[in-house]
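Novice: Submitted below is the structure of interest, expressed as structure tokens.
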Amino acid sequence: MSQINRSPKTYDVCVIGSGAGGGMAAKILTEGGLNVVMLEAGPQIYPEKDYKMLMWPYDLPHRGVGVGGKAGENFGEFLAPNGAWQIEGEPYVSAPGSDFQWFRSRIVGGRTNHWGRIALRFAPVDFRSKTRDGLGDDWPIAYEDLAPYYDKVESYIGVFGTQENVSSAPNGVFLPPPKPRCHEHLVKAACDKLNVACIPSRLAILTKAHNGRPPCHYCGQCSRGCTTASNFSSSQVLLPPAMATGKLSLITGAMAREIVVGKTGKAEAVSYVDKATKSEKRVYAKAVVVAASACESARLLLNSQSSLFPDGIANSSGTVGKYLTDSVGSDGWGEIPSLAKMPPHNHDGVGGMHVYMPWWKYDRKNDFPRGYHIEVWGGRDLPGAGMFGHMNHEEEGYGANLKKRAREVYGTTVGFSGRGEMIPNPDTFCEIDPYKVDQWGIPVLRFHFKWSEYELRQAKDMQDTFKSIVETMGGTYKTRTPIDGPNVFGIQAGGKIIHEVGTARMGDDPKTSVLNGYCQTHDVKNLFVTDGAPLVTNPDKNPTLTIMALSWRASEYLLQQAKQGSL
């Protein structure tokens with residue numbers, strides 16, 4: 001790649017990545033009057049063609065799980081494109097003794113095309129965790145700084161929920177929630193007996209028409225993508241208004257390789273590989289917003305080396321790639337005999353839970369720090385390949401008797417997924433692998449990952465709670481978890497929950513952080529990072545809503561700085 005094709009135009013801002021953070025930045029910046037170019041490593045998305053919203057399992061040759069069930073590893077062929085744990089020609093490495101799984105989405109809108117739409121605000125205490133228990137670090141901003149932007153995001157994208165006044169789950173600007181399903185009523189009754197908080201869930205799905213988008217039609221298939229845009233995705237909700245301004249230029253198939261620093265020490269361009277031609281190109285901009293996802297953004301910063309930044313751009317602190325965390329995850333399920341007596345009925349609802357359990361033990365001493373929330377699943381989901389796989393280990397026989405048994409247990413399953421906070425530790429980080437490159441010649445990431453005793457105790461508490469709820473419902477808890485090994489108490493491998501954050505965290509001290517409170521790098525004032533990388537902590541709340549709120553806030557600040565000529 002000795003020849004670099006240079007863009008003849010200098011844009012106001014170059015945004016790298018089109019997901020939650022990048023899409024929000026593009027919307028706010030273009031509506032503010034700036035000319036923006038967006039680089040996206042994947043192709044354009046066409047919902048009517050690409051989404052499999054109302055397709056039946058028998059419409060695909062292998063019922064959606066692919067040849068030999070291989071597609072099931074990436075959540076099946078019905079998943080909205082294009083997410084995968086492994087991308088051909090784009091490897092990553094886990095260091096010896098580590099197991100980190102990295103889910104990447106190469107398409108316009110990124111992982112917002114198929115995320116779970118769980119939209120939870122961080123609580124005030126989540127910004128002051130070190131003050132509370134001495135672990136990790138406090139944020140340089142407070143909940144009060146971000147609350148107006150939570151309001152803006154919820155008001156714009158549409159989030160259903162209820163005002164519950166739970167200190168671990170702040171109130172928001174909500175649409176009406178859907179009614180609980182049959183199995184969720186039973187979960188709620190059991191939780192009430194156990195004094196476990198159980199409230200309507202909070203998802204970025206419309207229960208009534210909102211900002212020109214129609215309400216959910218309750219097909220229950222949100223992960224497939226929604227052709228009516230009744231659930232949130234950057235590709236359908238953030239990018240269209242940005243494009244409508246006429247100030248957004250979207251370049252797809254553009255694999256960002258390096259942020260180029262000029263003589264003044266500012267970012268002046270982004271060098272990228274045009275995947276179609278395999279040529280290297282360069283776009284020039286007065287400011288750069290990196291929003292490629294937490295680990296991909298860290299990779300780009302670390303690979304952007306120069307005489308001014310030999311260890312990577314904006315990395316004078318040496319903390320780019322450090323403080324990596326993922327959500328603690330452990331799952332469990334049981335069979336509830338009373339559900340077998342329920343007559344078949346229309347299982348209307350969104351593609352996700354209608355109730356959930358926010359962290360309820362914040363007012364007592366536990367044997368682990370911080371906390372977790374519980375997501376609920378089960379009931380009469382659309383039957384699909386593999387749904388009765390567990391019966392292979394529990395039932396004898398085959399043919400008519402096995403089918404009869406499958407019909408008897410269909411709809412009697414209730415499951416739970418705990419999602420909790422990981423404390424950053426020095427053994428968990430990502431760095432550039434010194435030997436391996438991808439097919440574009442770009443050095444890849446090497447991951448180091450380790451759960452601490454804090455997270456293992458939390459996973460055990462999750463399993464104990466799941467079992468208590470199932471048994472209080474009169475059911476049998478079916479999950480069996482190991483008491484040693486890498487998945488003790490059912491804890492998932494690092495990265496499997498797809499909530500990785502913290503690789504370019506914000507802070508007041510440039511010696512221990514990469515960004516200030518506005519997601520602006522300490523070292524390069526016209527360089528911003530607005531995905532999961534800025535997060536100082538990774539509480540028991542899915543991070544997407546916070547990523548969008550931080551991006552909106554940072555983009556308004558960038559707009560102000562640009563108008564003042566301060567960048």
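The values are calculated or read from the model by the stated rules, or taken from the named source; none is laboratory data. Keep in mind the model is a prediction, meaning the values are calculated, not measured. Every residue, glycine among them, receives a Cβ derived from its backbone with ideal geometry; neighbour counts consider all protein chains shown. For accessibility, only protein heavy atoms count, side chains too; no ligands or nucleic acids. Shrake-Rupley method; radii C 1.70, N 1.55, O 1.52, S 1.80 Å.
Novice: Compute the angle between helix 400-409 and the longest alpha-carbon principal axis of the chain, please, reported from 0 to 90 degrees and rounded to the nearest 10.
Specialist: The angle comes out near 70 degrees.
Novice: Over all directions, average the projected area of the Cα convex hull of the range 309-387 and note it in nm².
Specialist: 11.1
Novice: How much area per residue is accessible in the range 441-548 when the probe is 1.4 Å and only protein heavy atoms are counted (Å²)?
Specialist: I get 33 Å² per residue for this part.
Novice: Here's something else I'd like to know. Give, as a single signed number, the net charge of other residues whose beta carbon lies under 11 Å from the beta carbon of ILE28, with Lys and Arg counted +1 and Asp and Glu -1.
Specialist: Residues close to ILE28 contribute a combined charge of +1.
Novice: Same structure, new question: Go through the range 48-88 and name the GluC sites (Glu not before Pro) that are in a DSSP coil and have 10 or fewer other Cβ atoms within 10 Å of their Cβ.
Specialist: Counting only loop positions with at most 10 other Cβ atoms within 10 Å, the GluC sites (Glu not before Pro) in the range 48-88 are GLU88.
Novice: Mean residue ellipticity at 222 nm from the helices of the chain, using -39,500 (n - 2.57) per DSSP H segment of n ≥ 4 over the full residue count, to the nearest 500 deg cm²/dmol?
Specialist: Result for the chain: -6500 deg cm²/dmol, rounded to the nearest 500.
Novice: If you roll a 1.4 Å probe over the chain with all protein chains in place, what percent of the accessible area is carbon or sulfur?
Specialist: Of the solvent-accessible surface of the chain, carbon and sulfur hold 51 percent.
Novice: In nm, what is the difference between 0.36 nm times the number of residues separating HIS345 and TYR58 and their Cα-Cα distance?
Specialist: Here the segment from HIS345 to TYR58 would lengthen by 101.1 nm.
Novice: Hey, which of these cross-link pairs are over 19 Å Cα-Cα: LYS188/LYS361; LYS341/LYS404; LYS27/LYS247; LYS478/LYS541; LYS9/LYS281?
Specialist: LYS478/LYS541
Novice: What is the Cα centroid distance between the range 345-364 and the range 112-134, reported in whole angstrom?
Specialist: Using only Cα atoms, the two centres lie 17 Å from each other.
Novice: May I ask you to list the trypsin sites (Lys or Arg not before Pro) in the range 340-445 that are in a DSSP loop and have at most 10 other Cβ atoms within 10 Å of their Cβ?
Specialist: Passing sites in the range 340-445 are LYS341, ARG364, LYS365.
Novice: Hey, can you rank 517-528, 385-396 by average C-beta count inside 10 Å, highest first?
Specialist: 517-528, 385-396
Novice: If you average the C-alpha positions of the range 424-438 and of the range 527-550 separately, how far apart do those two centres end up, in angstrom?
Specialist: The range 424-438 and the range 527-550 have Cα centres spaced 21 Å from each other.
Novice: Take the Cβ-Cβ distance between GLU408 and LYS525 as r, set R0 to 60 Å, and report the resulting FRET efficiency rounded to the nearest 0.05.
Specialist: Between GLU408 and LYS525 the formula returns 0.40.
Novice: Please identify which residues in the range 433-473 have an amide N closer than 17 Å to a label point set 7 Å out from the Cα of VAL488, following the Cα→Cβ vector.
Specialist: 449-464
Novice: Give me the net charge of THR227's neighbourhood, meaning all other residues with Cβ under 13 Å from the Cβ of THR227; Lys, Arg count +1, Asp, Glu -1.
Specialist: +2
Novice: Once both axes come from the Cα atoms, what is the angle between helix 544-564 and the longest principal axis of the chain, in degrees from 0 to 90, rounded to 10?
Specialist: 20
Novice: In what sequence, highest mean first, do 154-164, 126-136 appear when ranked by Cβ atoms within 10 angstrom?
Specialist: Descending packing order for the listed peptides: 154-164, 126-136.
Novice: Based on the Kirkwood radius over alpha-carbon pairs, what value in µm²/s does the Stokes-Einstein equation return for the translational diffusion coefficient of the range 380-438 at 4 °C and 1.567 mPa s?
Specialist: 79
Novice: Could you rank the peptides 487-493, 221-227, 540-546 by their average count of other C-beta atoms within 10 Å per residue, with the highest value first?
Specialist: 540-546, 221-227, 487-493
Novice: Where the centre of each part is set by its Cα atoms, how far does the range 160-211 sit from the range 280-319, in angstrom?
Specialist: 40
Novice: Also, quick follow-up: For the range 380-422, what does the accessible surface come to per residue with a 1.4 Å probe? Please give it in Å².
Specialist: So the range 380-422 comes to 58 Å² accessible per residue, rounded to a whole number.
Novice: Using modelled backbone amide H atoms (1.01 Å from N, in-plane), which distant-in-sequence or interchain residues come within less than 5 Å of ASP433's amide H?
Specialist: VAL444, LEU445, ARG446
Novice: What are the ³J(HN,Hα) values, in whole Hz, obtained from phi via the Karplus relation 6.51 cos²θ - 1.76 cosθ + 1.60 with θ = phi - 60°, for each residue of the range 197-205 in sequence order, with x given for Gly and Pro?
Specialist: Computed from phi, the couplings for the range 197-205 are 4, 9, 9, x, 6, 10, 10, 7, 9 Hz.
Novice: Hey, what's the per residue convex hull volume over the C-alpha atoms of the range 168-261, in cubic angstrom?
Specialist: Cα-based convex hull of the range 168-261, divided per residue, equals 214 Å³.
Novice: Identify all aspartates and glutamates with a Cα-Cα distance to LYS70 below 15 Å; exclude those on the same chain that are fewer than 8 residues away in sequence.
Specialist: Counting by Cα, and skipping residues close in sequence, LYS70 has these aspartates and glutamates nearby: GLU88.
Novice: Once both labels are modelled 7 Å past Cα along the beta-carbon direction, what's the ASN5-ASN195 spacing in nm?
Specialist: Using points 7 Å along Cα→Cβ, the separation is 6.7 nm.
Novice: Nearest 10 degrees, 0 to 90: what angle lies between the long axis of helix 294-303 and the longest principal axis of the chain (Cα atoms)?
Specialist: 30
Novice: Debye sum, Cα scatterers, the range 463-567, no solvent: what log₁₀ I/I(0) at q = 0.13, 0.22 1/Å?
Specialist: Summing over Cα pairs of the range 463-567 leads to -0.64, -1.12.
Novice: How much accessible area per residue does the range 42-149 have, in Å², with a 1.4 Å probe?
Specialist: 46
Novice: Within the chain, which cysteines find no other Cys whose Cβ is under 4.7 angstrom from their own?
Specialist: If one checks each Cβ against the other cysteines of the chain, CYS14, CYS182, CYS216, CYS219, CYS222, CYS226, CYS295, CYS430, CYS519 turn up with nothing under 4.7 Å.
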